[in-house]
Every structure is written in structure tokens, then in C-alpha cells.
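These notes concern the structure reproduced below.
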Amino acid sequence: MVEAVGGFARTRMNKSPSVSVIMAAYNASDHIGAAIDCLRRQTLTDWELAVVDDASADSTRDKLQAAAAQDPRIRPVRLAVNAGPAHARNVAL
């Protein structure tokens, strides 16, 4: 997982995927797995997921790390301080 304090925190794959999905998450451990599984079930497989954990206090970070370990298309970023969903999405860009 990439740690971000602000600004851009991004790693790039060698080839850009057809679709980039941006997701902000805050204390989303109950639902983050279902959201990621929904994306994985799509017929288009050429995608990347940039998901920013906005300093969650629950197990969101652990679930994102586990998902990224299983699927290289998932790129989690963790913010050190909660800054809201708009900021989290901007970091994902």
C-alpha cells in the first residue's frame, strides 16, 4: 500500500488500462469487499482500481491490502489524515 500525506501518490503499470476506476473509502470494511468484487465481475477485465483509504479507523486498510495482494490491478493508497471523499478521489487521480 502506498502511504500518502497529500498530493499525488501513484504507481503506474507498464501499459495503461482501458478503464481507471477511482474509489474513496472511509471506515468501509463492511462493504469494501463487495464493491471490489462487483468490479472484478465485470466482463471488461482491462481496468485498474485506485482506491484511497481516507484514514479509516476500522479494518478497511487490511482488506485493501489483501485485495491488492490477490489482484495487481488494485492500487490502494492510505491517507494519514482524514480529509474527506473529494480529497481522497483527487489523490487517486
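Mind listing whichever residues of region 51-74 are open to solvent by 40 Å² or more (accessible area, probe 1.4 Å) and of a type outside the set (Asp, Glu)? Can you show your working first?
Taking region 51-74 first, the residues open to solvent by 40 Å² or more (accessible area, probe 1.4 Å) are 57-59, 61-63, 65-66, 69-70, 72-73.
Once the filter is applied, which keeps residues that are open to solvent by 40 Å² or more (accessible area, probe 1.4 Å) and of a type outside the set (Asp, Glu), region 51-74 yields 57, 59, 61, 63, 65, 66, 69, 70, 72, 73.
With respect to residue 48, determine if the residue is among the acidic types (Asp, Glu), modelled with pLDDT under 95 and either within 11 Å of the chain's Cα centre (by Cα) or open to solvent by 40 Å² or more (accessible area, probe 1.4 Å) (or both). Even if it seems obvious, please write down each step before you answer.
On the way: among the acidic types (Asp, Glu): yes; modelled with pLDDT under 95: no; either within 11 Å of the chain's Cα centre (by Cα) or open to solvent by 40 Å² or more (accessible area, probe 1.4 Å) (or both): yes.
Judged against the criteria, residue 48 is not a match.
Give me the pairs, please: first residue somewhere in region 18-42 and within 13 Å of residue 74 (Cβ to Cβ), second residue anywhere and modelled with pLDDT under 95 and surrounded by fewer than 17 Cβ atoms within 10 Å (Cβ to Cβ), beta-carbon distance under 8 Å, and either six or more positions apart or on two chains.
22/93
If you scan region 3-36, which residues turn out to be loosely packed, with under 12 Cβ neighbours inside 10 Å, modelled with pLDDT under 95 and not in a strand (DSSP E or B)?
Hits for region 3-36 are 5, 7, 8, 11, 12, 13, 14, 15, 16, 18.
Within region 63-85, count every residue that is touching a residue at least 24 places away in the same chain (Cβ under 8 Å), over 22 Å from residue 16 (Cα atoms) and not in a strand (DSSP E or B).
7
The values are calculated or read from the model by the stated rules, or taken from the named source; none is laboratory data. The structure presented is a predicted model; accordingly, all values stated were derived computationally and were not measured. Positions of Cβ are generated from backbone atoms using ideal geometry, with glycine treated the same way; all protein chains shown enter the neighbour counts. Just so you know, the surface numbers come from the protein's heavy atoms only, side chains and all, with ligands and any DNA or RNA stripped out. Shrake-Rupley method; radii C 1.70, N 1.55, O 1.52, S 1.80 Å.
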